[in-house]
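The next block holds one structure in the form of structure tokens; read it before the comments.
The values are calculated or read from the model by the stated rules, or taken from the named source; none is laboratory data. No experiment lies behind these values; they were computed from the predicted model shown. So basically every Cβ, Gly included, is an ideal-geometry build from the backbone, and we count neighbours across all protein chains shown. Accessible surface areas use protein heavy atoms only, side chains included; no ligands, DNA or RNA. Shrake-Rupley method; radii C 1.70, N 1.55, O 1.52, S 1.80 Å.
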Amino acid sequence: MFRGRAYTLMKLRLILLVLSLLAFLSASVGGYIYYHSLREAAFKEAERQAAGRVVGIEKNLSSYLSRHVMPAKAMAGLPEMRDVLVSLDERSLAGANRVLDYYNHVFETEVCYLMSGGGHTIASSNRNFPDSFVGKNFGFRPYFKEAMDGMPSAYLALGTTSGKRGAYFSHPIFFQEGDGPVGVVVVKASVEQIENELPVSNEEIVFVVDPDGIVFISSRKAWLYRSVDELSEEQVSRIARCQQFGAGPWETIALKPLDGPYVEDDSGRRYLIHRVPLANFKGWRVVHMQNLDSVARRVSEPLWRTTGPIVASLCLLVGLGVLFLYSGASREIKRRKEVEKALRDSEERYRFIYHNTPAMLHSVDPTANLVRVSDHWLAALGYEREEVIGHKLFEFLTPESARFVKEHVIREFFKTGRCQDIPYQFVKKDGEIMEILLSAIGERDESGEVIRSLAVSIDVTQRNRAERELKEAKEQLSRYSRDLERQVRKRTEEIANFLKYTPGVVSLKDRDGRYLLVNKRFEDLFNVKIENIRGKKDFDIHDRDLADQFRANDLRVLAEKRSCQVEEQVPQSDGVHTYLSVKFPILDEQGEPTGVGTIATDITSTKKARDRLRRLSGSIMAGQENERAAIARELHDELGQTLTVLNMDAAWLAKRLVEKDPQAAGRAEDMRKFIDETIDAVRGMALRLRPKVLDDLGLVDALEWLTSDFEKRTEINCIFHVEDVPVIHGPVATAAYRIVQEALTNVARHSFANQVRVELSAQEGTLSLLIEDNGRGFNALDMSEFSGLGIAGMRERATIVGGILDVRSQPEHGTRISFKVPLEGKENIAK
């Protein structure tokens with residue numbers, strides 16, 4: 001019996017043990033299945049939340065980026081933008097800068113700027129900052145190229161000037177419909193501001209990559225400008241050329257893909273990853289990564305807490321669960337409040353921008369009822385808000401425009417969600433007609449249906465009026481052009497007759513010396529025909545010496561870019577003839593010479609007569625100088641000696657009468673002093689007529705005596721400076737001396753100067769003489785003033801010895817006389 005009881009107890013123990021084991025196994029399996037189910041549910045929930053979160057982040061990013069599209073389009077339609085592209089003056093530039101500053105302030109962008117058709121920045125809201133865009137050329141940027149192709153563009157890149165990341169929104173500027181873009185307006189938004197506004201926790205990573213996988217926006221700063229995948233050499237070269245992400249290098253983040261939507265970083269941490277395309281940026285993606293350890297902790301930590309005492313564990317589990325739920329709920333509530341506040345702020349900013357943008361904005365629902373209008377729209381049309389909200393858009397249009405909207409625009413717009421540059425005619429409250437161009441985009445609900453429009457209307461009344469006036473002006477211009485063509489044909493015939501019958505030799509060459517045109521006189525002179533020499537050079541039709549002479553003078557005109565007169569020697573059947581040729585450059589629009597024109601006149605007989613006249617004048621002046629010398633000798637030798645004898649007799653008489661008749665002795669002494677003064681006067685007169693020092697010692701000593709004597713007689717400070725001048729005699733010395741003598745006489749008589757400077761120098765075989773005073777001067781352009789100053793005589797003396805005399809003077813600025821003559825004749829320089 002005991003054995004049976006023992007067997008029963010043992011069997012019971014076995015059954016209990018088995019039941020315990022089964023209970024343990026059941027509890028373990030159930031716990032494992034519960035943990036596994038809980039873990040799978042947690043991961044699926046994490047995936048669902050991550051998918052929803054990345055979509056929400058992408059919408060926030062798209063919303064932030066797209067809000068700058070309409071400002072760029074609105075600015076592109078403003079007249080200030082077009083005016084500065086037409087005329088880059090201070091007024092139009094100031095107007096464009098005001099618009100850019102206003103949009104930059106209202107939309108809180110980083111910078112707004114305007115680019116010309118060549119890619120140069122001509123106006124910018126950051127023009128007064130060190131990193132100003134003004135003058136920079138961004139023509140290589142894709143957003144500029146796409147805009148110049150006529151399409152608005154959105155572009156994410158690193159600024160080449162500022163070094164800051166930015167979102168660029170460009171829009172083309174048109175003068176009129178059908179023409180190509182003439183410029184581009186660009187809005188740059190700060191990417192750093194986007195990153196700061198990303199609602200990212202410590203357990204997740206959010207970043208934005210371009211089509212090549214380069215990270216451009218990231219909540220983890222260390223990943224910026226790194227690539228998600230390994231880049232090929234071709235990708236690296238292309239990215240470096242476009243300068244979109246700086247100079248590199250673009251290292252790899254090295255994310256290792258796992259089974260399913262999971263990746264592993266280089267430190268072994270695993271993440272749940274989701275990718276969604278970024279709207280309006282082709283190929284760009286928003287990437288969200290959730291740390292798997294944080295998901296696992298949501299399951300393991302509550303489960304581990306159940307291993308303690310049942311009640312304590314249960315209470316602790318309930319408490320921790322409540323605390324966890326409360327904490328999560330609190331975080332979620334806080335996050336929702338932050339999101340709601342951000343949405344309210346965004347809505348306030350949108351409302352502020354909507355009502356304060358200087359453009360006509362309105363929105364209609366699918367029934368064409370006005371649901372929202374901007375303040376500028378009301379001000380432009382003259383209505384109050386309560387007069388338009390809820391009313392049909394047709395009520396404010398002309399009948400033709402209303403019919404067009406009903407039959408075509410509204411139905412098509414709410415299908416496609418887009419329309420551009422639709423011509424309307426609004427009727428203002430006072431009855432005035434306003435012509436506008438309307439562009440609109442649609443706001444869609446969650447199902448993608450267009451629920452309302454956002455339309456921008458640009459007043460083109462003045463532009464259309466200007467286009468009509470321009471059309472009339474073009475017609476007038478066409479009539480004027482036809483009349484001008486008739487006049488040109490007439491003038492061409494007159495010029496052809498002039499070239500045919502003028503006695504001058506006329507030719508026209510290009511800058512390489514090829515003949516383009518010659519007249520009849522040229523053909524007769526050189527026995528050629530225009531059809532035979534057109535395209536040929538001087539060396540093809542003239543002998544070497546004549547061709548060298550013509551080409552050298554042509555090159556001088558091309559180099560100096562101004563006309564000149566030259567004498568050219570042309571052999572003819574009766575001997576060598578001298579031609580006075582007026583050569584002038586043919587200039588293009590930039591002022592660069594494209595050819596040379598020549599009008600030559602035969603002056604052989606005139607030159608011979610002039611040479612004879614010069615020789616006659618030289619002979620007359622030489623005779624005058626000889627007569628002056630003879631008179632000077634007579635005064636010095638004859639009259640001087642006689643006065644000296646009288647002086648000695650008067651002295652002897654004064655000594656004899658000093659005791660007998662003191663009064664008579666005094667008269668004799670006065671007579672002797674008077675004779676002394678007369679002797680001095682005669683000596684000075686003889687020296688001025690022909691100073692002996694000029695014949696004996698040369699020009700330098702003669703001028704030194706002349707200037708010293710001038711300073712004593714007039715008390716005018718006279719400075720004489722000489723430099724490297726040899727002893728000069730002959731006609732050149734006489735001419736230079738007489739020019740200085742006449743100039744100093746003019747200074748003493750007319751200039752009221754207190755200082756005169758005489759400079760004499762010789763360089764490279766040329767004698768240079770300069771007389772300059774600080775007197776009252778005269779008008780050198782008025783030849784009537786020259787009559788009393790002896791200028792003609794000075795010029796004649798200079799011409800006779802082969803020199804040049806230049807007289808320059810202005811009232812109250814003194815007078816400057818320059819004389820230059822070559823020292824080639826041996827008779828001029830003492831050996």
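Quick check on my filter: what residues within the range 177-198 are open to solvent by less than 60 Å² (accessible area, probe 1.4 Å) and closer than 15 Å to L78 by Cα?
Step one: list which residues in the range 177-198 are open to solvent by less than 60 Å² (accessible area, probe 1.4 Å), which gives 180-191, 193-195, 198.
Passing the criteria: P181, V182, G183, V184, V185, V186, V187.
Spot the failing condition for Q425; the list is (1) out of contact with any Leu (no Cβ under 9 Å at 6 or more places or on another chain); (2) under 28 Å from M75 (Cα atoms), and only one is missed.
Checking Q425 against (1) out of contact with any Leu (no Cβ under 9 Å at 6 or more places or on another chain); (2) under 28 Å from M75 (Cα atoms), the one that fails is (1).
Output the residues belonging to the range 523-537 that are surrounded by 15 or more Cβ atoms within 10 Å (Cβ to Cβ) and part of a loop (DSSP other than H, G, I, E, B).
Taking the range 523-537 as the starting set, the residues that turn out to be surrounded by 15 or more Cβ atoms within 10 Å (Cβ to Cβ) are 523, 525-526, 528, 530, 533, 537.
Passing the criteria: V528, K537.
Need the failing condition index for L760 against (1) out of contact with any Lys or Arg (no Cβ under 8 Å at 6 or more places or on another chain); (2) closer than 30 Å to G730 by Cβ; (3) modelled with pLDDT under 85, just the number.
(3)
This table checks each residue for (1) surrounded by fewer than 16 Cβ atoms within 10 Å (Cβ to Cβ); (2) free of Cβ contacts under 8 Å to residues at least 24 places away in the same chain; (3) of a type outside the set (D, E, K, R).
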position: R91; (1), (2), (3): yes, yes, no
position: D101; (1), (2), (3): no, no, no
position: V111; (1), (2), (3): no, no, yes
position: L114; (1), (2), (3): no, no, yes
position: G119; (1), (2), (3): no, no, yes
position: E146; (1), (2), (3): no, no, no
position: G150; (1), (2), (3): yes, no, yes
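Among all residue pairs at least 6 apart or on different chains, which show Cβ distances below 6 Å where the first residue, located in the range 50-76, is under 17 Å from K282 (Cα atoms) and the second is surrounded by 22 or more Cβ atoms within 10 Å (Cβ to Cβ)?
Listed pairs, sorted by first residue: E58/V286; L65/A167; V69/F169.
Can you name the residue in the range 538-573 that is among the basic types (K, R) and assigned to a helix (DSSP H, G or I) and, of all such residues, is surrounded by the fewest Cβ atoms within 10 Å (Cβ to Cβ)?
Here the residue is R544.
Look at the range 177-186 and say how many of its residues are in contact with a helix residue (DSSP H, G or I) (Cβ under 9 Å, 6 or more places away or on another chain) and farther than 20 Å from G118 by Cβ.
Final tally of qualifying residues: 0.
Quick check on this structure: which one of L361, L378 is at pLDDT 75 or above and part of a strand (DSSP E or B)?
L361
Would you confirm, using the coordinates I've provided, whether V206 is more than 28 Å from L100 (Cβ to Cβ) and open to solvent by less than 10 Å² (accessible area, probe 1.4 Å)?
yes
Of the residues V576, V582, V596, which is β-branched (V, I, T), modelled with pLDDT under 85 and part of a strand (DSSP E or B)? Step through it out loud before you land on a result.
On the way: V582 fails: modelled with pLDDT under 85; V596 fails: modelled with pLDDT under 85.
Only one candidate qualifies: V576.
Specify which of the listed residues (F144, F133) is within 20 Å of the chain's Cα centre (by Cα), under 26 Å from A240 (Cα atoms) and either of a type in the set (D, E) or part of a helix (DSSP H, G or I) (or both).
Of the residues listed, the single one that is within 20 Å of the chain's Cα centre (by Cα), under 26 Å from A240 (Cα atoms) and either of a type in the set (D, E) or part of a helix (DSSP H, G or I) (or both) is F144.
Restricting the search to the range 744-772, which residues are under 46 Å from the mean Cα position of the chain (by Cα) and within 20 Å of E812 (Cβ to Cβ)?
Selection gives E772 alone.
Could you list, in sequence order, the residues of the range 360-380 that are open to solvent by less than 10 Å² (accessible area, probe 1.4 Å) and touching a residue at least 40 places away in the same chain (Cβ under 8 Å)?
M360, H362, S363, V364, A368, W377
Out of S201, S227, S218, S237, report the one residue that is without any contact (Cβ under 8 Å) to a residue 24 or more places away in the chain, crowded, with 17+ Cβ neighbours inside 10 Å and either closer than 22 Å to Q49 by Cβ or out of contact with any Leu (no Cβ under 8 Å at 6 or more places or on another chain) (or both).
The match here is S218.
Identify the residue in the range 674-719 that is open to solvent by 90 Å² or more (accessible area, probe 1.4 Å) and either within 18 Å of A748 (Cα to Cα) or not charged (D, E, K, R) (or both) and, among all such residues, is modelled with the lowest pLDDT.
R688
Does S66 satisfy the criteria of being closer than 28 Å to A342 by Cβ, polar (S, T, N, Q), open to solvent by 30 Å² or more (accessible area, probe 1.4 Å) and modelled with pLDDT under 85?
Answer is yes for this residue.
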